[in-house]
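Since the structure comes first, as structure tokens, the remarks are kept for the end.
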Amino acid sequence: MTGVRAQVNLLVATTTAVVLAAFLAPLGVVLRTMAEQRAIADATTRAQAAAALVAVGQTPRDDEVALTVFYSDGTTVGAPAERGPAVELASRGEAFAARTSGGVEVLVPVHGLTTGTPVVRVFVPDSSLHSGVLRSWLLLAAVGLALVGLSLLLADRLGRRLVGSVTALAAAADRLAAGDLTVRAATTGPPELQRVAAELNRLADRIGELLQAERDEVASLAHRLRTPLTALRLDIDAVRDPQERERLGFDVEALIRQVDELIRTARRPVRGGVHPQADPVAVAADRTAFWSVLAEESGRPIELDLPPGPALVAVPAPDLAAALDALLGNVFSHTADGTPMRVSVTISDDRCVLRVEDGGPGFLGPENPIPPNDRSTGSTGLGLDIAKRTAEAAGGTLRLGTSALGGALVELSLPIIAGPPGGRVIAGPPDQVSRSRR
């Protein structure tokens, strides 16, 4: 777990650990001191009880502690022990507890005897002084760990809510960047994130409005161009010279086709987004099936050669379909009825090649594919330009050549990208592709 959620958990865990250490460490010292005082107090009570017995002439005995009675004549009774300076000091009538090697000795003098002042000594070893302290410390540590775990649980839930709101906001921004202008971010979470979500929604609305206004303006401008073009076409019909009329008509038809393409582009919705993708195999199958109706009417045998599997390329499916339609439309426009044609797709490790071939007259060369003086074909190179822009937008290339059928060959070489999540493949919808039969 990384990111903001981990940082929140680390901050809470560190803060809780510091607070608990500041509280539990002194408490542990207090518990240790209290245990020592309790053991010394118990030893003092036993020593006083033993002193009372010695005062009445009895011999005390205590199996639970190391008890020794030092008499004034030098004899001792009970646990073996040395008569040190502390015992001599206690024989002068002062009761006290003193630290000695391995523990604490409690000394109580016996008053009221004529033969001297005996001293009762009770030795408390360190193990008895600290009895139960380790268990108390372990209990405190367990309580501290439980509190840290509880704080981490609460911090994780808080961080999850915070990160969840940020993740949802980022997902909405990603979809918006991918071209989905219908997405809206949920205004949930902290007030600051709610404000960001509201501003993101306003941005999406504004982008949609600006994009629609731009497309409407382009479409309106293209529509306004049709009126003078229609008038120009009528004026050309009045030209008496047949060759001049044909030349001018060719130019006007070319201009009309470009205006039509401009209108279709302006009306086309947002397609690709940041990561566009399409399957050339599916697009080729769909568009070849569409053009096969016209091919059958004009007696053109059309061959389709496709590999079995999909291959995704970084180009919007409608753009790829429009490019293929432009190339197929060129074949119908620049070759005679009955001319054979072929559409094929080949897939290698990292590239997908889409080819359109025909058995017509072919190209003069890559730099000048259409004869400059041949105005009967009605070609302006618009279809090749559309295909070239599509290939370059996907990081690929366009190549012109001679096909095995003896005519023109147009080859789109496109790099293959990784497949989409879930393996879904997108094909170009027929209603978004040019149906021109020019």
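Taking Cα centre as origin and charging only the Cβ of basic (Lys, Arg, +1) and acidic (Asp, Glu, -1) residues, the dipole magnitude of the chain rounds to 960 debye.
Adding -39500 (n - 2.57) for every DSSP H run of four residues or longer, then dividing by how many residues the chain holds, sets the calculated 222 nm ellipticity at -18500 deg cm²/dmol. Fully extending the segment from ALA285 to SER131 would add 46.7 nm, taking 0.36 nm per residue of separation and subtracting the current Cα-Cα distance.
Averaging the sequence gap over all C-alpha pairs within less than 8 Å and six or more residues apart, then dividing by the number of residues, gives the range 146-249 a relative contact order of 16 percent.
Across the chain, the relative contact order, built from alpha-carbon pairs under 8 Å that are at least six residues apart, equals 12 percent.
Across the range 1-158, the relative contact order, built from alpha-carbon pairs under 8 Å that are at least six residues apart, equals 30 percent.
Percentage of Cα-Cα pair distances in the range 1-119 greater than 25 Å, rounded to whole percent? The proportion of pairs with Cα distances above 25 Å equals 43 percent.
Using the membrane-span-like helix rule (whole DSSP H runs, Cα extent along the own axis of at least 18 Å, mean Kyte-Doolittle hydropathy at least -1.0), which helices of the chain qualify?
Working: long enough: 4-55 (76 Å, 1.02); 133-177 (63 Å, 1.27); 191-237 (69 Å, -0.31); 242-267 (37 Å, -0.69); 280-297 (26 Å, 0.51); 317-334 (26 Å, 0.82).
Once both thresholds are applied, what remains is 4-55, 133-177, 191-237, 242-267, 280-297, 317-334.
How much FRET efficiency would the formula 1/(1 + (r/R0)^6) give for LEU145 and THR59, where r is the Cβ-Cβ distance and R0 is 51 Å, rounded to 0.05?
Values: r = 52 Å, r/R0 = 1.02.
After rounding to 0.05, the efficiency reads 0.45.
Determine the shape class of the range 95-232: with a ≥ b ≥ c the square roots of the Cα gyration tensor eigenvalues, call it rounded for a/c under 1.5, and otherwise prolate if a/b is greater than b/c, oblate otherwise.
prolate
Annotation: per residue accessible area for the chain equals 56 Å², rounded to a whole number [probe 1.4 Å, protein chains only].
Of all accessible surface on the chain at a 1.4 Å probe, what whole percent is carbon and sulfur?
Whole-percent figure for carbon plus sulfur exposure: 58.
Compared with the alpha-carbon gap, the fully stretched path from LEU306 to THR230 is longer by 23.1 nm at 0.36 nm per residue.
Residues whose amide H falls under 5 Å from that of THR100, counting only those 5 or more places apart or on a different chain, are GLU105, with hydrogens built in the peptide plane. Comparing Cα centroids, the range 303-347 and the range 64-90 end up 114 angstrom apart.
The values are calculated or read from the model by the stated rules, or taken from the named source; none is laboratory data. Bear in mind that the values here come from a model prediction, so they are computed numbers and not experimental data. Note: ideal-geometry Cβ built from the backbone for every residue, glycine included; neighbour counts use all protein chains shown. With ligands, DNA and RNA removed, areas are computed over all heavy atoms of the protein, side chains included. Shrake-Rupley method; radii C 1.70, N 1.55, O 1.52, S 1.80 Å.
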